[in-house]
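Here is the structure we will look at.
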Amino acid sequence: MGIHTSVEPDIATIRFLTPEGVLCRPMPPSVSDELLLSLYRSMTRTRTFDGKAIALQRTGQLGTFASALGQEAVGVGAAAAMAARDVLAPSYRDHGAQFVRGMSMAECLLYWGGDERGSDFAHSRLDFPNCVPVATQIAHAVGAAYAFKLRREDRVVVTFIGDGGTANGGFYEALNMAGVWKTPVVFVINNNGWAISTPRALECAATTLAQKGVAVGVEGLQVDGNDVAAVYDTVRQAVDKARGGQGPTVIEALTYRLGDHTTADDATRYRDPDQVRREWSREPIARLRAYLIGKGVWSADSEAALQQQCLEEVNQAVSAYQATQPASSDAMFDYLYATLPPAYVPQREIARRFAPSAGGGHG
Amino acid sequence: MAELSLVEAVNRALACEMAIDESVLLIGEDIGANGGVFRATNGLQARFGKDRVVDTPLAEGGIAGVAVGMAAMGLKPVAEIQFTGFIYPTIDQMINHASRLRNRTRGRLTCPMVLRSPYGAGIHAPEHHSESPEALFAHMPGLRVVIPSSPARAYGLLLAAMRDPDPVVFLEPTRLYRLFKQEVADDGESLPLDACFVSREGKDATLVAWGAMMQETLAAADALEREGVDVEVIDVATIKPLDVETILRSVEKTGRCVIIHEAPRTAGFGAEIAAEIAERALFSLLAPVKRVAAYDVVVPLYRLERQYIPSLDRIADAVRSVMEGS
């Protein structure tokens, strides 16, 4: 063995369902058919929402939007493994998880439609809002988990980051602190293969991203992120471990970004269409549907009913979003501080004076 | 009453608030058994335990980030950055999260944290230990920036910062840490934030300063008094939000203003004060507003730091120039 030999930990990919929807090992006891049906519905809701959101953006009725197309199992599976009292610290492509946590579709549309009220969640009030500056949310998750540990509260924090985000020092600093403090936090790496146009191989030379935990003494696991059963069961065990005071876990979920980075991106500029076609044969929803149909718990009729139901829910959310009038200029000032300092009160007055007299609705 | 140095006053304020509010905790590098490199947290880990006085890994961005997460969940973290030269990695968290979490969530989540750091030149410190970055933070909507100029103000303002429901950057002038002692009651009484203090009343000119520069400024005031020039001295104390009304009232009375700061001149906070005076008190002025600031140079290694820090002579010279012709 010379100094040129690289030593990499042996991290196997946890998987229960093959891309064809066939069991490759027995389903874990935690994953019932009932749970799988619920996860299937959640993933379908997310995909229906994404389709509508992109359509709204394309027709000028929504701002830039980041679709989760193809990655539904990561967010949905992880969030389903959390208790309601737990806390989510998302990135900006995690509405699949946020919908499971109770964020409404109208809230999601308000956020991407340019209105801060979209982050004033009616449910899961302690969940962090979307985090756009990549990797900055990881430290928030560790700090929140520290608070719960200090106060002996029975809460766990789950946070998401992309494959590109793990190249950022903010990820590593926070992961390192979580290892030292054994905070109750689960780091889910949504490895969708792409950081906008930069492929996974250009982000990091390590064989897995899960092994980034190894260097800081944090257990690292890798799952097939298109197998929602694998995501759910692995995150559930990591959440249980964190709840039991056994510290943090890194879980790398292997998935694929079937869509563009955002509606402002055109992935055909940098991505081989054959690769995308191949990945469509591995995506999570068709995979689970094949399994559920094979088990006799799902049918074309139930699929049609679900599609209809999701469409109605999305359309209702769009109506609620479009009916929300823009906030007044005061909204820029009202939540800046607990009380607006007198120094800035004149600026609020100026904004009032120069506000357009009649505001249009969203879109 | 006890005679306390500024660093001892910081220590007393931290201890006082930790004793009455169990949501307050301290995080930072070497703040535990070591008591911080300046001993600001001396003895606090022994008194309040390792869970509330937390030695962190050496990662300033991470320190600010976990403080945001703690604050969002209802703790009141006081994070120590060892020197301001190492504060720059925190800017990402301060501008993107700490300062806007309340706004982004419509008040659902808030960020009652304090980011403390020793600040400024004048103690023969190594490279990157002598910076004055207050204007960087003053440009971030949603923050407070507070700089004490004496032990009593350090005590009262730090208590106020810890009790404030929003994030505060609290910059402690390193060269005042042990320069002098002062009677401090240690009675848990805070001083008001967002307010300037008139440290000396006078009628001929208004001198505006903060932090360690209050030393040279008050000394210049004494020297000028011997020349028959009666100056008013304002300690800004809270840089952001600025209590401009107190400054304007003084300038309207004196008609002359000299602004003194240790940070470089261009886009320093003195420019903001001068602009406010120009907008709102121009016709009260008997002479142009002057700034006495550090030169627009890199803060030098310590052999030249006394030439970098605005001196009594520079301040007095500026005051004499605005007094000319009167």
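The figures follow:
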read-out: Selection count, segment B:223-273, where residues are of a type in the set (Lys, Arg) and in a loop (DSSP other than H, G, I, E, B); value: 2
read-out: Residue within segment A:198-205 that is under 22 Å from residue A:7 (Cα atoms), surrounded by fewer than 19 Cβ atoms within 10 Å (Cβ to Cβ) and within 14 Å of another protein chain (Cβ to nearest Cβ) present; value: no
read-out: Residues satisfying the stated conditions in segment A:28-41, i.e. assigned to a loop (DSSP other than H, G, I, E, B), of a type outside the set (S, T, N, Q) and free of Cβ contacts under 8 Å to residues at least 24 places away in the same chain; value: A:29
read-out: Selected residue (only one of A:93, A:25 is touching a residue at least 60 places away in the same chain (Cβ under 8 Å) and either out of contact with any His (no Cβ under 8 Å at 6 or more places or on another chain) or in a loop (DSSP other than H, G, I, E, B) (or both)); value: A:93
read-out: Failed criterion for residue B:78 (all others in (1) buried (at least 24 other Cβ atoms within 10 Å of the Cβ); (2) touching a Ser or Thr at 6+ places or on another chain (Cβ under 6 Å) hold); value: (2)
read-out: Of residues in segment B:209-218 being assigned to a helix (DSSP H, G or I) and not hydrophobic (A, V, I, L, M, F, W, C), the one surrounded by the most Cβ atoms within 10 Å (Cβ to Cβ); value: B:217
read-out: Test: residue in segment B:30-49 that is assigned by TED's automatic domain parsing to the domain that holds residue B:145, of a type in the set (D, E, K, R) and under 21 Å from residue A:155 (Cβ atoms); value: no
read-out: Residue A:155 being in contact with a strand residue (DSSP E or B) (Cβ under 7 Å, 6 or more places away or on another chain) and under 26 Å from residue A:10 (Cβ atoms); value: no
read-out: Residue identified as more than 22 Å from residue B:134 (Cβ to Cβ), modelled with pLDDT of 95 or more and outside the structural domain of residue B:128 (by TED's automatic domain parsing) among B:230, B:243; value: B:230
read-out: Near pairs, Cβ below 6 angstrom, 6+ apart or cross-chain, from segment B:203-216 (assigned by TED's automatic domain parsing to the domain that holds residue B:284) to any residue that is in a loop (DSSP other than H, G, I, E, B) and buried (at least 24 other Cβ atoms within 10 Å of the Cβ); value: B:205/B:256; B:210/B:147; B:210/B:236; B:211/B:147; B:211/B:149; B:212/B:120; B:214/B:149
read-out: Single residue of segment A:129-155 satisfying the filter (more than 7 Å from chain B (Cβ to nearest Cβ) and under 16 Å from the mean Cα position of the chain (by Cα)) that is nearest to residue B:49 (Cα to Cα); value: A:138
read-out: Segment B:161-208: number of residues that are in contact with a Phe, Trp or Tyr (Cβ under 9 Å, 6 or more places away or on another chain), hydroxyl-bearing (Ser, Thr, Tyr) and either surrounded by 24 or more Cβ atoms within 10 Å (Cβ to Cβ) or assigned to a strand (DSSP E or B) (or both); value: 1
read-out: Test: residue in segment B:11-21 that is surrounded by fewer than 19 Cβ atoms within 10 Å (Cβ to Cβ), in contact with a strand residue (DSSP E or B) (Cβ under 8 Å, 6 or more places away or on another chain), within 14 Å of chain A (Cβ to nearest Cβ) and modelled with pLDDT of 95 or more; value: yes
read-out: Flag if residue A:331 is in the same structural domain as residue A:52 (by TED's automatic domain parsing), among the small types (Gly, Ala, Ser), surrounded by 14 or more Cβ atoms within 10 Å (Cβ to Cβ) and at negative phi; value: no
read-out: Qualifying residue in segment A:42-59 (condition: among the polar types (S, T, N, Q) and in a loop (DSSP other than H, G, I, E, B)); value: yes
read-out: Members of segment B:170-200 found to be within 14 Å of another protein chain (Cβ to nearest Cβ) and either in contact (Cβ under 8 Å) with a residue 60 or more places away in the chain or closer than 24 Å to residue B:225 by Cβ (or both), listed by number; value: B:196
read-out: Hey, residue A:163 of a type in the set (Asp, Glu), buried (at least 20 other Cβ atoms within 10 Å of the Cβ) and in contact (Cβ under 8 Å) with a residue 12 or more places away in the chain or not; value: yes
read-out: Complete set of residues in segment B:285-320 that are surrounded by fewer than 20 Cβ atoms within 10 Å (Cβ to Cβ) and either assigned to a loop (DSSP other than H, G, I, E, B) or at positive phi (or both); value: B:285, B:286, B:287, B:288, B:295, B:296, B:297, B:298, B:300, B:301, B:311
read-out: Segment A:103-125, residues that are touching a Gly at 6+ places or on another chain (Cβ under 9 Å) and facing chain B (nearest Cβ under 9 Å); value: A:120, A:121
read-out: Looking only at segment A:4-22, and only at residues there that are touching a Cys at 6+ places or on another chain (Cβ under 9 Å) and in a loop (DSSP other than H, G, I, E, B), the one that is surrounded by the most Cβ atoms within 10 Å (Cβ to Cβ); value: A:16
read-out: In segment B:33-68, residue nearest to the chain's Cα centre (by Cα) [restricted to those that are small (Gly, Ala, Ser) and away from chain A (no Cβ under 13 Å)]; value: B:40
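The values are calculated or read from the model by the stated rules, or taken from the named source; none is laboratory data. This one's a predicted model, so the numbers in the text were calculated from it and none came from an experiment. In this analysis, Cβ positions are derived from the backbone assuming ideal geometry, glycine residues included, and neighbour counts consider all displayed protein chains.
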